[in-house]
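A quick write-up on the structure given underneath.
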Amino acid sequence: MADLKRMFWIALSAGLLATPSSGQEDDRPMAEAATLIRVMCDTESLPLREDVLDTLLHSPSVVLAAAREVLGDNSRPADARLVEIGFEVFGDGKVFGPRTSLVAKLSVFFPADPRDDTIGERLLALIADKLRQALREATSADEELLQRRLKSVLDRVALAEKRFQDAQALVRQLREASGRADLSHERVLDEIRELEGVRRDLETDLVGVKGREEAIAAQIARISETMKSARQSDPVIGDFEQVVRVRQEEFDMTRKLHEAGQCSAADVNRATEQLAMARAQLADRQHQAMEAQGGALLGNLNHMLVDLTIEAAETEARLKHATERMARIHEVGLLDLADRYENEAGLRIELSREALVEATQLRDEIEQRLVSYELADVTVIGAK
């Protein structure tokens, strides 16, 4: 429709302008009638072009059928074959969404009949009606095709949804089996490397702690043996030990006499004080001897040994935990699960999601196409 106005004439048969069947030329005058019509059509179903309209107007179901209905087939059957039409399109048409509308002048030329001046009007109306029917028949197949496509696409959507759900179920299954949400292969490898490093460090630390613990224990034992020997060889300590034994015997005797009523409570108290003083003197002498043989160092070493024992227990607990985690990783086959997660579940999730998005978009497009779908129409605007 490049030109502002185009005119094409449509002959309804190869015998257009031919003589009647009697073999003599028809010398009756030809009459003309014209009107403006508006043609609207869904151009996605049927392009609204001159060649398309030309084909429809040439079809037996449009002009020829209209002429036969108006002029009749019995009295003068050749009259229907003498009908010609003119079709003049104005402009390139207007687009309304998927529909295109154009205005054209429809002219009809037919044998005049002075007894009936409604032939032209009836021919124009019937031709417009027949053209409307032809357009609708030509586009109805497209609506049926859209319905079939929609059914097929809905099946694709359902299948894509099921595959996507199956992929999600596999992901949940792998996560539950692994006991973690992040099953990426790189993350699992990082965790294994980290655990192996932690375990090596803890094993090294534990060896050091145990070594220090054994060395300090040996040092404590040596110092204790030296102090024991010093106490045994110190004559003053022996004297104080003898005094303690004597005071203990006196205390025991005084208590028995007191119980027998042969001495006073003051005597028992005095014996008790003398025993306590003897013991204090012995302890003080032993302390002096221990200090001389490294007693202060022995106290520090004992504190260090306690700290090392606690540190060793803590290190062993952490090492046990790391070892159990490594055993758990190997037990559940975490690397294999990670491989399945990425190479199977992850790929299935990605592919099924893409398929679902594509099928859903196509479904929406077809549904929108069906919602906006309208039948073709030919409207008679008025005489021209």
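The values are calculated or read from the model by the stated rules, or taken from the named source; none is laboratory data. Small disclaimer: the values here were computed from a predicted structure and weren't measured. Don't worry about glycine lacking a Cβ; one is built from the backbone with ideal geometry, like all the others, and counts go over all protein chains shown.
Between A134, A167, the distinction of being in a helix (DSSP H, G or I), touching a Lys or Arg at 6+ places or on another chain (Cβ under 6 Å), buried (at least 18 other Cβ atoms within 10 Å of the Cβ) and of a type in the set (G, A, S) belongs to A167 only.
Suppose the filter is more than 20 Å from R348 (Cα to Cα), in contact with a helix residue (DSSP H, G or I) (Cβ under 8 Å, 6 or more places away or on another chain), assigned to a helix (DSSP H, G or I) and not hydroxyl-bearing (S, T, Y); does E161 pass it? So E161 fails the test. Scanning the range 204-229 for residues that are surrounded by 12 or more Cβ atoms within 10 Å (Cβ to Cβ), out of contact with any Leu (no Cβ under 9 Å at 6 or more places or on another chain) and of a type in the set (S, T, Y) returns a single hit, T226.
Of the helices (runs of 4 or more DSSP H) lying entirely inside the range 1-105, those containing at least 2 residues that are in contact with a Lys or Arg (Cβ under 6 Å, 6 or more places away or on another chain) and at pLDDT 65 or above are 63-71.
All told, V188 meets the bar of being surrounded by 15 or more Cβ atoms within 10 Å (Cβ to Cβ) and under 24 Å from L351 (Cβ atoms).
For the range 327-361, what are the residues that are over 20 Å from the mean Cα position of the chain (by Cα) and surrounded by 16 or more Cβ atoms within 10 Å (Cβ to Cβ)? Scanning the range 327-361 gives I329, L334. The residues in the range 282-294 that are surrounded by 16 or more Cβ atoms within 10 Å (Cβ to Cβ) and either at pLDDT below 70 or under 17 Å from E249 (Cβ atoms) (or both) can be counted, and the count is 6. Looking at this structure, is D201 of a type outside the set (A, V, I, L, M, F, W, C), crowded, with 16+ Cβ neighbours inside 10 Å, closer than 30 Å to L308 by Cβ and at pLDDT 85 or above? So D201 fails the test. Determine whether the range 203-212 contains at least one residue that is over 30 Å from A317 (Cβ atoms), out of contact with any Phe, Trp or Tyr (no Cβ under 9 Å at 6 or more places or on another chain), aliphatic (A, V, I, L, M) and in a helix (DSSP H, G or I). Taking every residue of the range 203-212 in turn, none turns out to be over 30 Å from A317 (Cβ atoms), out of contact with any Phe, Trp or Tyr (no Cβ under 9 Å at 6 or more places or on another chain), aliphatic (A, V, I, L, M) and in a helix (DSSP H, G or I). When we screen R247, R193, R222 for residues that are at pLDDT 75 or above, under 30 Å from R348 (Cα atoms), assigned to a helix (DSSP H, G or I) and among the charged types (D, E, K, R), the only hit is R193. Considering each residue of the range 333-341 in turn, none proves to be of a type in the set (G, A, S), assigned to a helix (DSSP H, G or I) and either modelled with pLDDT of 80 or more or touching a Phe, Trp or Tyr at 6+ places or on another chain (Cβ under 9 Å) (or both). Quick test of your reading of the structure: D239 fulfils all but one of (1) at pLDDT below 85; (2) touching a helix residue (DSSP H, G or I) at 6+ places or on another chain (Cβ under 6 Å). Name the failing condition by number. In the conditions (1) at pLDDT below 85; (2) touching a helix residue (DSSP H, G or I) at 6+ places or on another chain (Cβ under 6 Å), D239 misses (2) alone.
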